[in-house]
Amino acid sequence: MWAVALRTVRDPEEAADALQDAFISAFRAAGNFRAESQVTTWLHRIVVNACLDRVRRKQARPTVPLPETGFNEPASPRDSMSERETKLVVREALDLLSEDQRAPIVLVDVEGYSVSETARMLGIAEGTVKSRCARGRAKLAKSLGHLRNPDAEPNVPTHESKHDGAVRHDPRRTLRPDRSQREREGR
């Protein structure tokens, strides 16, 4: 639950508050639990809702965060500067996504939930989860492509950018000749 909250709001203090709100809500609503899904799915949905509520409230009343001092970070012998930079770049890329795309990507790709579990947690259709993940992944690929191939340009073209302003190609035209062409070939 903590990991879901932390990845959804990306702030340990906000995640702790959201988690506390979620468990209070779950305690109050425990009598209304219908057992149509697993308890963990029900709790995760409550946690996600509490996190999204906090994000919405925060967007309604924006604040300027205090600078991080880093004194609470654990010392790890394998924690190198490049790993920290990569984490920051990935976090910034996730921040660029809309909340609608970020939540499914975090649940499916980071937390490892199935598409159907994610759909139940977010209260949306499985197809919606798939399309939001696909669009979010395309945006992440564009902004994070340089991590996979450092010599490449930082903005990898996405499916959407490849077709923006271009004349669309009709594949039926190349697969099936038109009537006049068939007549010339004697078909």
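Quick notes
- Within the range 1-17, the set of residues being part of a helix (DSSP H, G or I) and within 19 Å of the chain's Cα centre (by Cα) comprises Trp2, Ala3, Val4, Ala5, Leu6, Arg7, Thr8, Val9, Pro12, Glu14, Ala15.
- All positions within the range 96-123 that are crowded, with 16+ Cβ neighbours inside 10 Å and either touching a Gly at 6+ places or on another chain (Cβ under 6 Å) or outside any helix (DSSP H, G or I) (or both): Leu97, Gln101, Ile105, Glu111, Tyr113
- Residue within the range 140-155 that is modelled with pLDDT under 90, surrounded by 11 or more Cβ atoms within 10 Å (Cβ to Cβ), more than 19 Å from Cys51 (Cβ to Cβ) and over 26 Å from the mean Cα position of the chain (by Cα) present: no
- Of all residues in the range 23-42 being surrounded by 14 or more Cβ atoms within 10 Å (Cβ to Cβ) and closer than 16 Å to Glu117 by Cβ, the one that is farthest from the chain's Cα centre (by Cα): Ser37
- Filter pass, Arg45 being at pLDDT 85 or above, surrounded by fewer than 10 Cβ atoms within 10 Å (Cβ to Cβ), assigned by TED's automatic domain parsing to the domain that holds Arg7 and assigned to a helix (DSSP H, G or I): no
So that you can scan it fast, the table gives a plain yes or no per residue for (1) under 21 Å from Val90 (Cβ atoms); (2) in contact (Cβ under 8 Å) with a residue 24 or more places away in the chain:
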residue	(1), (2)
Met1	no, yes
Thr8	yes, yes
Ala26	no, no
Gln38	no, no
Trp42	no, no
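- Residue in the range 58-72 that is at pLDDT below 85, closer than 27 Å to Ser116 by Cβ and more than 21 Å from the chain's Cα centre (by Cα) present: no
The values are calculated or read from the model by the stated rules, or taken from the named source; none is laboratory data. Because the structure is predicted, anything quoted here is derived from the model rather than measured. Note: ideal-geometry Cβ built from the backbone for every residue, glycine included; neighbour counts use all protein chains shown.
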